[in-house]
1. So which residues in segment 99-134 are within 13 Å of the ligand (Cβ to nearest atom) and among the small types (Gly, Ala, Ser)?
2. Please verify whether segment 243-262 includes one or more residues that are within 18 Å of Ile292 (Cβ to Cβ), over 20 Å from the mean Cα position of the chain (by Cα) and either in a loop (DSSP other than H, G, I, E, B) or not assigned by TED's automatic domain parsing to the domain that holds Ser175 (or both).
3. Criterion first (under 30 Å from Tyr51 (Cβ atoms), in contact (Cβ under 8 Å) with a residue 40 or more places away in the chain and of a type outside the set (S, T, N, Q)) does Lys146 satisfy it?
4. Report, by residue number, each residue of segment 210-249 that is away from the ligand (no atom under 16 Å from the Cβ) and among the aromatic types (Phe, Trp, Tyr).
5. Working only within segment 159-188, note down all residues that are assigned to a helix (DSSP H, G or I) and either in contact with a Gly (Cβ under 7 Å, 6 or more places away or on another chain) or within 13 Å of the ligand (Cβ to nearest atom) (or both).
6. Give the residue that is farthest from Ala339 (Cα to Cα), with candidates limited to residues of segment 135-158 that are under 17 Å from the mean Cα position of the chain (by Cα) and either within 11 Å of the ligand (Cβ to nearest atom) or polar (S, T, N, Q) (or both).
7. Restricting attention to helices (runs of 4 or more DSSP H) lying wholly within segment 9-70, give those where 2 or more residues are within 16 Å of the ligand (Cβ to nearest atom).
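The values are calculated or read from the model by the stated rules, or taken from the named source; none is laboratory data. Here the structure is a predicted model, which means the values were calculated and not measured. Every residue, glycine among them, receives a Cβ derived from its backbone with ideal geometry; neighbour counts consider all protein chains shown.
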Amino acid sequence: MSQSDNSTIAKSNQTKRWQEMDAAHHLHPFTTHHELAKHGARVITRAKGVYIWDSEGNRLIDGMAGLWCVQVGYGREELAEAGYKALKELPFYNSFFQTTHPYAAELSQKLSEVTPKGIDRFFFANSGSEGNDSAVKIIRYYWNLKKQPKKKIIISRNKGYHGVTLASASLSGISAMHPQADLPLPGFVHIACPYWYGDGGDMTPEDFGLKTARALEEKILELGAENIAAFVAEPVQGAGGLIIPPSTYWAEINRICKKYDVLLHIDEVICGFGRTGKWFGSDTYGIEPDMINMAKGLSSGYQPIAAVGLGTRIGDVLFNSDEEWSHGFTYSGHPVACAVALANLEVMQKEHLVEKAGGATGAYFQKKLAELSDHPLVGETRSVGMLGAIELVKDKKTRERFDPALEVGYRCRLHCFANGLVMRAIGDTMVLSPPLVISESEIDELFGLARRCIDLIARDLGKQ
Ligand code: PXG
């Protein structure tokens, strides 16, 4: 997650002032700060539709929907109006001490309609990380209430990304995230993920899917089912490299969780709200979650809001407990965030954005992505709904990677920035997750730029 080199863009005095303030006082997420200070951050000043503009007036097509979240595109009046109205009517009230407000009540009701079957009670948080942290506490509490306090170990996967708070980072399986904070915490265990292109070797995707699903069963048997509380996973792994599971994977995971009485917590922070072509990744893959976490697309990123959705199995136990549940944030179910999320879901329904991602627009996006497979640098393209990945490799036949010191993905991303496209690099895997409102002509523009930038990196490497 390194920063881009903006040293080449011409800079106005205003841009320089912002960059200086920023370099002096702002700690950025996932950033090497002294490197960033050398050339200054790119300053994004406005956005509309699928485009963002920087302070130098450069326009970029946002192939990442912000950070996988702006489903309805930027600059939507409906969401701004809903936020403004709530700010005037009820800028804040909490949901502690037996109070609520119309926004939280209506949003919970709406979520019970669109979330996977059986998920019908919602706890609100302000970020995906807080949602997963809350989920870990709910999992522990559930087993305590069920008088099975030994069931505490949580299994998640390598390359999983679940956030950065202590528990969420412990769930995450991106190894660079652990040593700085002495993580994972005790009781968090990781298994292999179904990254067929990277790790599948000669196996068919289907066999590899079964093998990696059965890694869960092996771990449960190794540690004892009586000690395992839950399995936590994203339907499609996002920040770990857009890992799309083989078709055999999720049915096997459903089976294993049921067999060993292990709760299944599905992290829908990226996959939720149409991203995989249905409302939730669980719907796309037939996953049967006991609970889910959602954020990002819930408000299209317009307001910070997350929700943990509980199925009846967990919900009933929490609901019927006689003691007070000691958990909640000042801003749980913040009225402005709930109002904006509601307006966002209304736009998504009115404009059939989920159906578009699962239908014609998604199909067009996938077709244009697949056309890049003929490029000498592209080892594989893969996609589902409006998520796409491009593997840049040294050798297409053997899947041999470039030397990481060459920073091929990072340099490709710099070409993208310089040419008007935001495309994410995860190692040498280029990733796309555009706003769901993107049109076919904008998809053409996006892939025209993507090909140009892959050509540029190929030229740099002397491969063309
Ligand atoms: N779960 C998943 C699946 C996520 O993708 C989180 C939880 C944490 O959400 P918050 O709101 O606490 O950030 C995420 C977040 C990237 C990138 O560069 C991805 C995320 C966040 C920041 C950067 O791919 N995903």
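1. Within segment 99-134, Ala125, Ser127, Gly128, Ser129, Gly131, Ser134 meet the criteria.
2. The answer is yes; a qualifying residue exists.
3. Working: under 30 Å from Tyr51 (Cβ atoms): no; in contact (Cβ under 8 Å) with a residue 40 or more places away in the chain: yes; of a type outside the set (S, T, N, Q): yes.
Answer is no for this residue.
4. Kept after step one, since they are away from the ligand (no atom under 16 Å from the Cβ), are these residues of segment 210-249: 210-229, 246-249.
The one that is away from the ligand (no atom under 16 Å from the Cβ) and among the aromatic types (Phe, Trp, Tyr): Tyr249.
5. Taking segment 159-188 as the starting set, the residues that turn out to be assigned to a helix (DSSP H, G or I) are 166-171, 175-177, 179-181.
Within segment 159-188, Leu166, Ala167, Ser168, Ala169, Ser170, Leu171, Ala176, Met177 meet the criteria.
6. Let us first name the residues in segment 135-158 that are under 17 Å from the mean Cα position of the chain (by Cα), namely 135, 156-158.
Restricting the remaining residues to those that are either within 11 Å of the ligand (Cβ to nearest atom) or polar (S, T, N, Q) (or both) gives 135, 156, 158.
Details: Ala135: 23, Ser156: 33, Asn158: 36 Å.
My answer is Asn158.
7. Values: elements: 13-25, 33-39, 65-68.
Qualifying helices (runs of 4 or more DSSP H): 65-68.
Results for (1) of a type in the set (Val, Ile, Thr); (2) more than 21 Å from Lys159 (Cβ to Cβ); (3) in the same structural domain as Phe123 (by TED's automatic domain parsing); (4) surrounded by fewer than 21 Cβ atoms within 10 Å (Cβ to Cβ), shown as yes or no for each residue.
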{"residue": "Leu221", "(1), (2), (3), (4)": "no, yes, yes, yes"}
{"residue": "Gly224", "(1), (2), (3), (4)": "no, yes, yes, yes"}
{"residue": "Glu268", "(1), (2), (3), (4)": "no, no, yes, no"}
{"residue": "Gly286", "(1), (2), (3), (4)": "no, yes, yes, yes"}
{"residue": "Met291", "(1), (2), (3), (4)": "no, yes, yes, no"}
